[in-house]
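Have a look at the structure below, then the notes.
The values are calculated or read from the model by the stated rules, or taken from the named source; none is laboratory data. Just so it is clear, the structure is predicted and the values come from calculations on it, not from any experiment. Counting neighbours? That spans all protein chains shown, and the Cβs are built from the backbone with ideal geometry, glycine included.
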C-alpha cells in the first residue's frame, strides 16, 4: 500500500498526475501502466517540476538542478521542456501540465498526488525491474567485453590496393 505525502516531501517516491505515474526510485514514467520513453534530462526536469508542484520554478533553478556541473544555455532547457510536453501530450484534449511563464520559469499546473511506495506495493517492484537504468547494463557489458579483448594491429594497406579501379 502507498502512503500519501505532501508534494515537497523528500520521502515521496511516486507522483501521479492524469494518466501518468512517475517513480523517482525506478526513474520510470508510465502512462496507464505502460512505460513512457523519455530522456534522463526530461525525467529530471519533470521530477523537479513535480517536487515543486503548484509553484513557479525559475529557469535558473531548473538548469542548476538538472545540469549541476554543466553550463547550458536557456534554449537547451526550452528544447527539453518542449520534448517533455510532446511526450505528455500537453495541450491536447484539454490536458495541461507544464505552463511557461515568459522570462521567469515553468509551473506544473495539473493536480498531483505524491506517494511513498512500500515493499508491499506492487508498483514499488514491478516484475523485471531492478531499480537501475536497464538501458545502461548492455552498454556497460559490451564495453567491458571490448576492453577485455587483446588489441591486434595490422599493417596499413598500400595505396594501390585501396584504388577502386584495380
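Quick check on my filter: what residues within the stretch 24-44 are in contact (Cβ under 8 Å) with a residue 60 or more places away in the chain and buried (at least 20 other Cβ atoms within 10 Å of the Cβ)? Hits for the stretch 24-44 are 26, 28.
In the stretch 101-123, what residues are loosely packed, with under 14 Cβ neighbours inside 10 Å and at pLDDT 90 or above?
Step one: list which residues in the stretch 101-123 are loosely packed, with under 14 Cβ neighbours inside 10 Å, which gives 101-104, 111, 118-120, 122.
Listed by number, the residues that qualify are 101, 102, 104, 111.
The set of residues in the stretch 48-60 being under 21 Å from residue 12 (Cβ atoms), touching a strand residue (DSSP E or B) at 6+ places or on another chain (Cβ under 7 Å) and part of a helix (DSSP H, G or I) consists of 48, 49, 50.
What tally of residues in the stretch 63-87 results from selecting those that are touching a helix residue (DSSP H, G or I) at 6+ places or on another chain (Cβ under 8 Å) and closer than 27 Å to residue 34 by Cβ? Residues that pass the stated criteria total 6.
Provide a single number: the residues in the stretch 26-47 that are assigned to a loop (DSSP other than H, G, I, E, B) and over 21 Å from residue 64 (Cα atoms). Outline the logic, then answer.
Just the residues of the stretch 26-47 that are assigned to a loop (DSSP other than H, G, I, E, B), to begin with: 26-27, 32-33, 36-39.
Those still in the list that are over 21 Å from residue 64 (Cα atoms) too: 26, 32-33, 36-37.
Counting residues in the stretch 26-47 that are assigned to a loop (DSSP other than H, G, I, E, B) and over 21 Å from residue 64 (Cα atoms) gives 5.
Residues that are at pLDDT below 95, part of a helix (DSSP H, G or I) and surrounded by 12 or more Cβ atoms within 10 Å (Cβ to Cβ) do occur in the stretch 67-77.
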